[in-house]
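Readers should treat all values here as calculations from the given coordinates under stated rules, not as data from a laboratory. Nothing here was measured: the structure is a model prediction, and the numbers come from that model. Here Cβ is always computed from backbone atoms with ideal geometry, including for glycine, and neighbour counts include all displayed protein chains.
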Amino acid sequence: MHDKDNELKLKNDLYNAKVIYQWEAIRCDRLGNKLRWFLSIGIPFFGYSLLMLLIQNMAALPVLFFIGLIMTFVIRYLFFADEHICFYLTEKGIHFTTEQIIPEMAYKVMRGFAWFGVAVSFFAVTIIGPMAFVGAGACALLSFKMIGFESKISKSYILFSDEYT
């Protein structure tokens, strides 16, 4: 029979127990490294190549190339990011943490965009008035939410007991 109080006690014992062995792993399950780079380069440049066929303006080529280069790194390091996993073996079970390996600079850039969005929202309210939030309300709310954007570490555990938990 499953007992929630017993599971909480076992979980607390697990995190407070002495670590017997610990190890780290970097995991990239979804795709191999070369395939991830190939997709990261191919997706933006394929899309912008089709766009170049439509607009047929060679003056736009450097701009589209620069945007494609930026999107290559965004796709590789944000959408196809590796995971850093730390495992801790104790007498009571195994607990582990998982975190995506995303450069801290990406979080700083997103927080900078969020602060810029907040400033633009306040500026729009002072110029236009409260009706500015009718059209840009979602952007303002999203900016306030993204101010504290940072890496999230998820924790999981496997308990050693009479039954699998």
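How high is the relative contact order of the chain, in percent, with contacts defined as C-alpha pairs under 8 Å that are six or more residues apart? About 26 percent, as a whole number.
Indicate the gyration tensor shape class of segment 82-146 (rounded, prolate or oblate), computed on the Cα atoms with a ≥ b ≥ c the square roots of the eigenvalues: a/c under 1.5 is rounded; otherwise a/b larger than b/c is prolate and the rest oblate. Cα axes put segment 82-146 in the prolate bin. Only lysines eight or more places from K11 in sequence, or on another chain, were considered; those with a Cα closer than 20 Å are K92, K155. Taking the longest Cα principal axis of the chain as reference, the axis of helix 132-146 is set at about 40 degrees. Averaging the sequence gap over all C-alpha pairs within less than 8 Å and six or more residues apart, then dividing by the number of residues, gives segment 1-85 a relative contact order of 47 percent. Note on F38 and H84: the model spin-label points, each 7 Å out from Cα along the C-beta direction, lie 2.9 nm apart. When the P(r) of the chain is calculated, the portion above 24 Å amounts to 63% of the C-alpha pairs. Every pair of different Cα atoms in segment 29-81 enters the Kirkwood calculation, which places the hydrodynamic radius at 11.6 Å. Net charge of the neighbourhood of R111, taken over other residues with C-beta under 12 Å away and scored Lys/Arg +1, Asp/Glu -1, is 0.
How large is the charge dipole for segment 1-112, taken about the Cα centre, if only the Cβ atoms of Lys, Arg (+1) and Asp, Glu (-1) carry charge, to the nearest 20 debye? For this selection, approximately 320 debye.
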